[in-house]
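Have a look at the structure below before the remarks.
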Amino acid sequence: MEHLFALKYRGMSVMTVFMVLFFNAAESYGWHDRTHLAIAQAAGFERWYSAAAPDVVKSRDVFKDIEEKNHYFNNNAERGVTAEMVLGQAERFNKPEDEEGHLYGAIIGSVRDYKELKGSGKYADYPLVFCAHYVGDLSMPLHNTPYDKFNKERHTVNDGIVECNALNNIGFIQRSIYEINIESEGDLAAEIARIAETARKLGRKIRKENRNMSQAEAYTQIIHSASLFRAVLRYVGRNPC
Ligand SMILES: [Zn+2]
């Protein structure tokens with residue numbers, strides 16, 4: 001793996017390096033676009049190519065307040081995340097008044113939206129697009145930890161750790177996906193809490209060591225997201241492709 005990355009970097013042109021640095025400096029939206037696409041594609045979501053759209057929505061001033069808080073939970077009290085905490089956030093989905101964010105509730109809320117729309121016979125894929133995105137943000141350490149000095153300074157660079165090679169490694173992510181079985185909303189909440197904890201702990205570690213994530217750590221995180229989203233697809237009755 002490390003060899004593979006080294007080779008890829010050596011092959012990057014000066015222009016590519018410049019562009020990666022430029023875009024990394026210009027955005028701070030959670031994993032960058034191609035990383036979100038890679039997670040959704042590896043999970044087997046037909047609409048994987050739309051998985052970065054929720055960040056596009058967020059970039060519009062009129063939607064920003066409503067959408068932004070769905071993408072993180074700052075966990076200012078640094079409490080261990082539990083299924084109860086996840087379910088407790090569901091009513092805050094799409095609510096702008098909440099400074100701390102409610103990423104976990106947004107995952108639950110978008111699955112509920114999908115089920116409701118599907119139940120009414122309407123086209124229901126777009127709530128799943130939002131869900132694919134939020135499940136991606138779930139594994140990003142700096143979306144699960146306080147928005148402190150470290151987070152502000154290092155957010156953008158950590159969003160982009162695997163951005164330039166994630167789409168070339170779909171096969172690797174797919175082969176690394178592990179089985180998660182979800183049969184109820186409670187199961188989903190428990191899995192969200194479990195992955196939030198991996199992100200929170202990694203966030204604590206990189207703060208302590210005052211460094212960015214490694215590529216290997218970033219891949220470990222996005223594999224959690226891809227595994228969970230694949231399980232969500234099955235849970236809502238979709239066949240991952
Ligand atoms: Zn996001």
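At-a-glance table
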read-out: Flagged links, alpha-carbon separation over 19 Å, of Lys149/Lys205; Lys69/Lys201; Lys64/Lys122; Lys64/Lys205; Lys58/Lys95; value: Lys69/Lys201; Lys64/Lys122; Lys64/Lys205
read-out: Gain in span if fully extended, Glu100 to Glu197, counting 0.36 nm per residue against the direct Cα distance; value: 33.2 nm
read-out: Label zone at Ile66, where the point sits 7 Å out along the Cα-to-Cβ direction: the stretch 117-150 residues whose backbone N lies under 14 Å; value: 127
read-out: Cleavage-rule hits, GluC sites (Glu not before Pro), the stretch 150-200, DSSP coil, Cβ neighbours within 10 Å at most 16; value: Glu179, Glu183
read-out: Computed lengthening from Lys122 to Ala77, 0.36 nm per intervening residue step minus Cα-Cα distance; value: 12.2 nm
read-out: Share of Cα-Cα pairs in the stretch 44-167 lying beyond 17 Å, as whole percent; value: 60
read-out: Over the chain: Rg over Rh, Cα atoms, Kirkwood Rh; value: 0.95
read-out: Cut-off of 10 Å, at most 14 other beta carbons, DSSP loop: longest stretch of the chain lacking such chymotrypsin sites (Phe, Trp or Tyr not before Pro); value: 1-122
read-out: Most mobile of Asp61, Asp33, Asp125 in a GNM of the chain (Cα contacts under 10 Å); value: Asp61
read-out: Approximate spin-label separation Asn168-Glu91, in nm, with each point projected 7 Å along Cα-to-Cβ; value: 4.9
read-out: Residue of Gly30, Gly80, Gly160 that the Gaussian network model of the chain assigns the largest fluctuation, springs spanning Cα pairs under 10 Å; value: Gly80
read-out: Most mobile listed residue (Val129, Val111, Val56) in the chain, GNM with C-alpha springs under 10 Å; value: Val56
read-out: R0 of 22 Å, Cβ-Cβ distance Lys115-Val56: FRET efficiency to nearest 0.05; value: 0.35
read-out: Sum of side-chain charges, Arg238 neighbourhood, beta-carbon under 11 Å (Lys, Arg +1; Asp, Glu -1); value: +2
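Just so you know, all these numbers are worked out from the coordinates, no wet-lab data involved. All values derive from a computational prediction rather than experimental measurement. Note that each Cβ is placed from the backbone with ideal geometry, even for glycine, and that neighbours are counted across all protein chains shown.
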